[in-house]
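Heads up, the thing below is written out as structure tokens.
The values are calculated or read from the model by the stated rules, or taken from the named source; none is laboratory data. If you're wondering where the values come from, they're calculated on a predicted model, not measured in any experiment. Note: ideal-geometry Cβ built from the backbone for every residue, glycine included; neighbour counts use all protein chains shown.
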Amino acid sequence: MLGTALLLLVALLAVSVPVAAVMGVLGLALNQFFSSIPLYLAMGDIVWNASSEYILIAIPMFVMLGEILLRSGIAHRVYAAIATWLSWLPGGLMHANIGTCAMFAATSGSSVATAATVGVVALPQVKIRGYDESLFLGTLAAGGTLGILIPPSINFILYGLLTQTSVPRLYLAGMIPGLLLTGFFMAIILVYCLVWPAKGGTPVETSWRDRLRSLKDLSGPLFIFGVVVGSIYAGWATPTEAASMGVFAALVLAAWERALSWPMIRAVFEGTMRTTAMIMLIIIAAQFLNFVLANIGVTDGVAKAIDALGLGKVGTMLLLIVFYLILGCFMETISMMILTTPFVFPIVVGLGWDPIWWGIVLTILIEAALVTPPVGLNLYVVQSLRGTGAIADVIRGALPFVASMLGLILLLMAFPDIALGLPRWVMGGS
Amino acid sequence: MERLWRGASVVALWGAWAGGAMILLAAVVVTVEVISRKLLAFAFSGSDEIAAYLFAVGTSWSLAHVLATRGHVRIDVLYGQLGPRVRALFDLVAIVGLAILVLAIVDRAGEIFLDNLAGGNRSNTPLRIPLAWPQAPWFAGFVLFLAVTVLAFLRSLLALVRGDYGTVAATIGVPSQDEEVKGELGSLGIGTSNTTANTGAKR
Amino acid sequence: SAQTPAPAQLDTKKFNVIGTWNFLNINKKVEAPFWSEQLGAASGGKLTGNIKSITELNLKGTEVLRLLKTGVYDVAHALPIYVDDGAAIFEGSDISGVAQSVAQQREILSAWMPEMQKVMREKFGSMIVSTFAFPQQVFFCRDEISSLADIKGKKVRVQGVSQSDLVKALGGSAVTIPFGEVVPALEKGVVDCGITGTLPGYQAKWPEVVKTVVDVSLGYTAGFVAVNLNAWNKLSKPTQEFMTGQFKKLEEAAWASVESDTKEGIACDTGNGPCSVGPAAKLKLVMPTDADRALVKKALNDVVLPEWAKRCGAECAAKWTELVGKRYGLVAKAN
Ligand code: NA
Ligand code: NA
């Protein structure tokens, strides 16, 4: 039965049936052939539940928040501000790319939006200052992935919902790994540019006066971060409410910037709903598929099969990491998370790994999936912003950063407190 | 057929605009509750429920637009290697797969909507909203989605019979990576040429 | 059970069953063992159950009775709060604050049973065959408080309508927040108090973020086991008799578990007594006083019951007063 399910899944994906339809059709087929229960009849309730799940409302909220911010014109100024602080380092503006990505990550729950925002501002500098193009592109594709590790994060909210873990804890747990990864990315640039100074381009001249003057340009993102993340820890709002307040705050900011107009708002609506509806159809179909899989016993079966391998705590974890790296080459990230979590989470927790810790590791694996070919959305985003040349340049440039993500995962395996220390310190308990 | 398709695309776009407006409204409602809870003596409650209904309806009204703009994610590892004719066949298989899912959803969503309407069932929350109210527009969104799916299928099928692979691709094909990202960025208000990069900067 | 049918007379049937949440004792210790082991053992392997918890199926609960009605499942372990409508009638079985002991809650359920059976038959094509409940509902508060009067002015996370009315009657404001967000909300002071069962509160780690537990009964969340009538009617007479006996046993086991979980819950929350499910927390325990009980009773008669009577209708309210209320000096009547 598991074999048939897998075969059908691969076949439908191979003929490029939409991912949501693959899950739905697979669910219907498995129900038809392997279940004595008319599970199809439950579909209406499942669809309504997923559609009206309050916690999922964070998805459109973060997408809309990003859309509004993008159009309020602060991206250029933030980039310029961060550049004045970081561009003296060997590698120049590439550090600003990473720094700006981290800054936008702190306001945005999405990685694609982060890469797109920073990419569009940064790319003209490649030619002007003579950077190594491949590495420069890599910093943008990889830097963008920080969007889901540094809070706020759509992935954490979804993971919290799927596994009944605390989103504020996940947010806190993501912070230090997020900053560490930012540091790793910069270290990679530093090492490359020290070994091959030509990759680093012409240095950028700045003064302390510029630096201090630029600080006010960072106030916009800090304000949003304060609303979306600060309000949770200040006891004002739950993570879902905070995401909604972020939209409100972004709207206020956009009004302040005099960036509001009807065409702009219509475009925000369209962009938000295109992404939201696409993700939601996948979630709806995945919920039905998961319902069928649980009922016909596949979910238990997979857990038992992996258990039977007897690889132990570390061995199984390494196997899972390899599994996600391979899956991540081919799969869209949200579906990857929803489809695998019901199987994988019980295994991971059963082995004694911490649920919050796994949420962080899984998110880093999803970051890797965003920049591994052939299906890696951030690669495409950067390539398209660039307009010319081969996508291989972007892929090559992003690879060293993927290596650092794996490094971070191994580090987290050895020292789980890198993730778990902060939430324990702030919130107490486990 | 062409007029019908264009008309459907316009309706779908309006659906997405309305959907976006509902999400924004949800954000405002939730924000008002949070602020009232913090600043006022009383907590006005129930924004979570209202926001959830706005979310459900806003999403279902936007599904057709995603289809009309070829936004439902498809894996194109194999597809990318094929010629236009085989691609067109893949596209038709894909839309049939989607149609099966949407048909099933319409069937079952319709059943629970009618059940709640007939029973006069209310939500089991302090607001006690009759469930048929949010479910009627929610269901309508899926019906629109089904209609556009069927139209897309028919338009592609007719084109395939004529040997017009271009129209099949333009209706239900996988957007090339370039097209896809341009669409994504276009919707973010970002031009894809380096020199005209524009995030709507002011000042 | 003097004439329990012998296994040879029984049909062969595997029941598809939907249970409650798999992290709760009622599921782990009562439902799951009953369907996956005890029933098979008692029937010589002829009658078995395939039980899935709503946790495993990722359902909310509100869809369970429709799934029972449409025949997706043969048997459901359900809560009155699952019922979307006819809801007011089902609410009558566990109105917040009415039952002051496990025995009272069981008594209320059986007194009110005929009304619920009517709804089950007409709206859901099903029949209730057994009852249970969850451990006593109590306030958990992040501040140290000393009596129920201190709820005044506090923001309290509630579930369901009558709990909301009770909190309002006590002078607090009722807030609805998804269960998964309650712990951080309590921790950060988004809400001041929350209401849940004594042991479920411990298991959901509420004691990590609150200081006080108030052992004044706010009632119990009732539960019932219902079987789809189509499925039931297909069973032979001896099988039906056998199952009726088994459901009785299930019910006894369930109520014994409610009693012990309520006690153990308080022990786990406060350290007053043995806690087998983990290290006991050290919450301040507020014991009920006559003043507290009087406060609840006043809240019931002034607000909670009149509000419920509005939802249920005059006839239903009068019936409730006759069957349930008058045992406890309570009257349900719309103002
Ligand atoms: Na983020
Ligand atoms: Na990938």
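Return a yes/no flag: does segment C:22-31 have any residue that is within 9 Å of another protein chain (Cβ to nearest Cβ), over 28 Å from residue C:309 (Cβ atoms), within 16 Å of the chain's Cα centre (by Cα) and of a type in the set (Phe, Trp, Tyr).
So the first thing to find is which residues in segment C:22-31 are within 9 Å of another protein chain (Cβ to nearest Cβ), and the list is C:23.
Now restrict to residues that are over 28 Å from residue C:309 (Cβ atoms): C:23.
Filter once more, so that each one left must be within 16 Å of the chain's Cα centre (by Cα): C:23.
Okay, now just the ones that are also of a type in the set (Phe, Trp, Tyr), so C:23.
The answer is yes; a qualifying residue exists.
Of everything in segment C:324-335, what is closer than 28 Å to residue C:263 by Cβ and either of a type in the set (A, V, I, L, M) or in a helix (DSSP H, G or I) (or both)? Give them in sequence order.
At the first step, the residues of segment C:324-335 found to be closer than 28 Å to residue C:263 by Cβ are C:324-325, C:327-330.
Across segment C:324-335, the qualifying residues are C:324, C:325, C:327, C:328, C:330.
Determine, yes or no, whether residue A:174 is at pLDDT 90 or above, under 22 Å from residue C:178 (Cβ atoms), of a type in the set (Gly, Ala, Ser) and within 16 Å of ligand 1 (Cβ to nearest atom).
Details: at pLDDT 90 or above: yes; under 22 Å from residue C:178 (Cβ atoms): yes; of a type in the set (Gly, Ala, Ser): yes; within 16 Å of ligand 1 (Cβ to nearest atom): yes.
Taking the combined requirement at face value, the residue satisfies it.
Failed condition for residue A:251, given (1) in a helix (DSSP H, G or I); (2) within 11 Å of chain B (Cβ to nearest Cβ); (3) free of Cβ contacts under 8 Å to residues at least 12 places away in the same chain; (4) of a type in the set (A, V, I, L, M, F, W, C), with all others met?
Of the numbered conditions (1) in a helix (DSSP H, G or I); (2) within 11 Å of chain B (Cβ to nearest Cβ); (3) free of Cβ contacts under 8 Å to residues at least 12 places away in the same chain; (4) of a type in the set (A, V, I, L, M, F, W, C), the odd one out for residue A:251 is (3).
Out of (1) within 16 Å of ligand 2 (Cβ to nearest atom); (2) closer than 30 Å to residue A:198 by Cβ, what's the single condition that is false for residue A:112?
Only one criterion is unmet by residue A:112, namely (2).
Which one of these is touching a Gly at 6+ places or on another chain (Cβ under 8 Å) and either more than 20 Å from residue A:49 (Cα to Cα) or modelled with pLDDT under 95 (or both): B:65, B:72?
On the way: B:72 fails: touching a Gly at 6+ places or on another chain (Cβ under 8 Å).
Residue meeting the stated conditions: B:65.
For residue B:6, indicate whether it is within 21 Å of the chain's Cα centre (by Cα), more than 9 Å from every other protein chain (Cβ to nearest Cβ), surrounded by fewer than 24 Cβ atoms within 10 Å (Cβ to Cβ) and among the charged types (D, E, K, R). Lay out the reasoning, then the answer.
Values: within 21 Å of the chain's Cα centre (by Cα): yes; more than 9 Å from every other protein chain (Cβ to nearest Cβ): yes; surrounded by fewer than 24 Cβ atoms within 10 Å (Cβ to Cβ): yes; among the charged types (D, E, K, R): yes.
Yes; evaluated as a whole, the condition is true for this residue.
Having 1 or more residues that are touching a Cys at 6+ places or on another chain (Cβ under 7 Å) is the bar; report the helices (runs of 4 or more DSSP H) wholly within segment A:53-135 that clear it.
Details: elements: A:58-71, A:74-86, A:93-105, A:111-122, A:125-129.
The helices (runs of 4 or more DSSP H) meeting that bar are A:111-122.
Quick check: anything in segment A:153-173 in a helix (DSSP H, G or I), within 14 Å of chain C (Cβ to nearest Cβ), more than 16 Å from ligand 2 (Cβ to nearest atom) and among the small types (Gly, Ala, Ser)? I'd like the intermediate steps shown before the answer.
Looking only at segment A:153-173, we keep the residues that are in a helix (DSSP H, G or I), and these are A:154-163, A:167-173.
Subsequent filtering for residues that are within 14 Å of chain C (Cβ to nearest Cβ) retains A:156-163, A:167-173.
Next, from what is left, pick out any that are more than 16 Å from ligand 2 (Cβ to nearest atom): A:156-163, A:167-173.
Filter again for among the small types (Gly, Ala, Ser), leaving A:160, A:173.
Yes, some residue in segment A:153-173 is in a helix (DSSP H, G or I), within 14 Å of chain C (Cβ to nearest Cβ), more than 16 Å from ligand 2 (Cβ to nearest atom) and among the small types (Gly, Ala, Ser).
Give me a count of the residues in segment A:177-207 that are more than 25 Å from the chain's Cα centre (by Cα) and either within 16 Å of ligand 1 (Cβ to nearest atom) or surrounded by fewer than 19 Cβ atoms within 10 Å (Cβ to Cβ) (or both).
Of the residues in that region, 12 qualify.
So residue A:81 clears everything in (1) within 11 Å of chain B (Cβ to nearest Cβ); (2) aliphatic (A, V, I, L, M); (3) touching an Asp or Glu at 6+ places or on another chain (Cβ under 9 Å) except one condition, right? Which one?
Of (1) within 11 Å of chain B (Cβ to nearest Cβ); (2) aliphatic (A, V, I, L, M); (3) touching an Asp or Glu at 6+ places or on another chain (Cβ under 9 Å), only one is false for residue A:81: (1).
If you check residue A:71 against the conditions, is it modelled with pLDDT under 85, of a type outside the set (Gly, Ala, Ser) and crowded, with 24+ Cβ neighbours inside 10 Å?
yes
Is it the case that residue A:338 is under 24 Å from residue A:294 (Cα atoms), within 16 Å of ligand 1 (Cβ to nearest atom) and within 14 Å of chain B (Cβ to nearest Cβ)? Step through it out loud before you land on a result.
On the way: under 24 Å from residue A:294 (Cα atoms): yes; within 16 Å of ligand 1 (Cβ to nearest atom): no; within 14 Å of chain B (Cβ to nearest Cβ): yes.
Here the answer is no, as residue A:338 does not meet what is asked.
How many residues are more than 12 Å from ligand 1 (Cβ to nearest atom) and buried (at least 24 other Cβ atoms within 10 Å of the Cβ) when one looks only at segment A:159-171? So that I can check it myself, show each step before the final result.
Of segment A:159-171, the ones more than 12 Å from ligand 1 (Cβ to nearest atom) are A:159-169.
Among the residues that remain, those that are also buried (at least 24 other Cβ atoms within 10 Å of the Cβ) are: A:159-160, A:166-169.
Residues meeting the conditions: 6.
If you go through segment B:115-131 one residue at a time, do you hit one that is part of a helix (DSSP H, G or I), without any contact (Cβ under 8 Å) to a residue 12 or more places away in the chain, within 12 Å of chain A (Cβ to nearest Cβ) and closer than 26 Å to residue A:41 by Cα? If you could, list the steps in order and put the result at the bottom.
Residues of segment B:115-131 that are part of a helix (DSSP H, G or I), as a first pass: B:115-119.
Next cut, without any contact (Cβ under 8 Å) to a residue 12 or more places away in the chain only: B:115, B:118-119.
If we keep only those that are within 12 Å of chain A (Cβ to nearest Cβ) as well, we get B:115.
Filter again for closer than 26 Å to residue A:41 by Cα, leaving B:115.
Yes: segment B:115-131 contains one or more residues that are part of a helix (DSSP H, G or I), without any contact (Cβ under 8 Å) to a residue 12 or more places away in the chain, within 12 Å of chain A (Cβ to nearest Cβ) and closer than 26 Å to residue A:41 by Cα.
Just to be sure before I move on: is residue A:370 closer than 25 Å to residue B:80 by Cβ, of a type outside the set (Gly, Ala, Ser), within 14 Å of chain B (Cβ to nearest Cβ) and within 16 Å of ligand 1 (Cβ to nearest atom) in the structure I sent? Even if it seems obvious, please write down each step before you answer.
Values: closer than 25 Å to residue B:80 by Cβ: yes; of a type outside the set (Gly, Ala, Ser): yes; within 14 Å of chain B (Cβ to nearest Cβ): yes; within 16 Å of ligand 1 (Cβ to nearest atom): yes.
Spelling it out, residue A:370 is indeed closer than 25 Å to residue B:80 by Cβ, of a type outside the set (Gly, Ala, Ser), within 14 Å of chain B (Cβ to nearest Cβ) and within 16 Å of ligand 1 (Cβ to nearest atom).
At least 3 residues that are closer than 30 Å to residue C:25 by Cα and among the hydrophobic types (A, V, I, L, M, F, W, C) in each: list the strands (runs of 3 or more DSSP E) lying fully within segment C:212-323 that qualify.
Numbers: elements: C:212-214, C:222-228, C:284-286.
It comes to C:222-228.
Quick grid of which residues meet (1) more than 14 Å from chain B (Cβ to nearest Cβ); (2) of a type outside the set (Gly, Ala, Ser); (3) within 15 Å of the chain's Cα centre (by Cα); (4) over 28 Å from residue A:314 (Cα atoms):
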{"site": "A:378", "(1), (2), (3), (4)": "no, yes, yes, yes"}
{"site": "A:383", "(1), (2), (3), (4)": "no, yes, no, yes"}
{"site": "A:388", "(1), (2), (3), (4)": "no, yes, no, yes"}
{"site": "A:406", "(1), (2), (3), (4)": "yes, yes, no, no"}
{"site": "A:412", "(1), (2), (3), (4)": "yes, yes, no, no"}
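Being out of contact with any Phe, Trp or Tyr (no Cβ under 6 Å at 6 or more places or on another chain), under 29 Å from residue A:137 (Cα atoms) and either among the hydroxyl-bearing types (Ser, Thr, Tyr) or not in a loop (DSSP other than H, G, I, E, B) (or both) narrows it down to one residue among A:226, A:230, A:220; which is it?
Working: A:226 fails: under 29 Å from residue A:137 (Cα atoms); A:230 fails: under 29 Å from residue A:137 (Cα atoms).
Testing whether each residue is out of contact with any Phe, Trp or Tyr (no Cβ under 6 Å at 6 or more places or on another chain), under 29 Å from residue A:137 (Cα atoms) and either among the hydroxyl-bearing types (Ser, Thr, Tyr) or not in a loop (DSSP other than H, G, I, E, B) (or both) leaves just A:220.
For the structure I just gave you, tell me whether residue B:55 is aromatic (Phe, Trp, Tyr) and at pLDDT 85 or above.
Numbers: aromatic (Phe, Trp, Tyr): yes; at pLDDT 85 or above: yes.
Taking the combined requirement at face value, the residue satisfies it.
Filter the helices (runs of 4 or more DSSP H) completely within segment C:37-142 down to those with at least 3 residues that are more than 14 Å from chain A (Cβ to nearest Cβ). Please lay out each step first, then the result.
Details: elements: C:39-42, C:54-57, C:64-69, C:87-91, C:102-124.
Output list reads C:39-42, C:87-91, C:102-124.
How many residues does segment A:23-52 contain that are without any contact (Cβ under 8 Å) to a residue 24 or more places away in the chain, buried (at least 21 other Cβ atoms within 10 Å of the Cβ) and either assigned to a helix (DSSP H, G or I) or more than 14 Å from chain C (Cβ to nearest Cβ) (or both)?
Final tally of qualifying residues: 4.
Considering only segment B:76-90, state which residues are buried (at least 18 other Cβ atoms within 10 Å of the Cβ) and either more than 8 Å from chain A (Cβ to nearest Cβ) or not in a helix (DSSP H, G or I) (or both). Before you say what the answer is, go through the steps one by one.
Filtering segment B:76-90 down to residues buried (at least 18 other Cβ atoms within 10 Å of the Cβ) leaves B:76, B:79, B:87-88, B:90.
Matches in segment B:76-90: B:76, B:87, B:88.
Please go through segment C:143-162 and pick out each residue that is within 11 Å of chain B (Cβ to nearest Cβ) and modelled with pLDDT of 90 or more. Let's see the steps before the verdict.
Within segment C:143-162, the subset within 11 Å of chain B (Cβ to nearest Cβ) is C:153-162.
C:153, C:154, C:155, C:156, C:157, C:158 - these are the residues of segment C:143-162 that are within 11 Å of chain B (Cβ to nearest Cβ) and modelled with pLDDT of 90 or more.
If you go through segment B:42-63, how many residues are aliphatic (A, V, I, L, M), at the interface with chain A (Cβ under 7 Å from one of its Cβ atoms) and without any contact (Cβ under 8 Å) to a residue 60 or more places away in the chain?
Let us first name the residues in segment B:42-63 that are aliphatic (A, V, I, L, M), namely B:43, B:50-52, B:54, B:56-57, B:63.
Subsequent filtering for residues that are at the interface with chain A (Cβ under 7 Å from one of its Cβ atoms) retains B:51-52, B:56, B:63.
Checking which are without any contact (Cβ under 8 Å) to a residue 60 or more places away in the chain leaves us with B:51-52.
Number satisfying all stated conditions: 2.
Restricting to segment A:315-366, what's the tally of residues that are among the aliphatic types (A, V, I, L, M), away from ligand 2 (no atom under 16 Å from the Cβ), assigned to a helix (DSSP H, G or I) and closer than 28 Å to residue A:427 by Cα? Please lay out each step first, then the result.
Going residue by residue through segment A:315-366, those that are among the aliphatic types (A, V, I, L, M) are A:317-322, A:325-327, A:331, A:334, A:336-339, A:344, A:347-349, A:351, A:356, A:360-362, A:364-366.
Retained after the next criterion (residues that are away from ligand 2 (no atom under 16 Å from the Cβ)): A:317-320, A:338, A:344, A:347-349, A:351, A:356, A:360-361.
Then keep just the ones that are assigned to a helix (DSSP H, G or I); that gives A:317-320, A:338, A:344, A:347-349, A:356, A:360-361.
Applying the additional criterion that residues be closer than 28 Å to residue A:427 by Cα yields A:317, A:338, A:344, A:347-349, A:356, A:360-361.
Of the residues in segment A:315-366, 9 are among the aliphatic types (A, V, I, L, M), away from ligand 2 (no atom under 16 Å from the Cβ), assigned to a helix (DSSP H, G or I) and closer than 28 Å to residue A:427 by Cα.
Against the conditions (1) surrounded by fewer than 20 Cβ atoms within 10 Å (Cβ to Cβ); (2) closer than 22 Å to residue A:60 by Cβ, where does residue B:147 fall short? Just the number, please.
(2)
Within segment B:99-131, which residues are at pLDDT below 95, closer than 16 Å to residue A:51 by Cα and aliphatic (A, V, I, L, M)?
If the condition is that a residue be at pLDDT below 95, closer than 16 Å to residue A:51 by Cα and aliphatic (A, V, I, L, M), then B:112, B:131 are the ones that fit.
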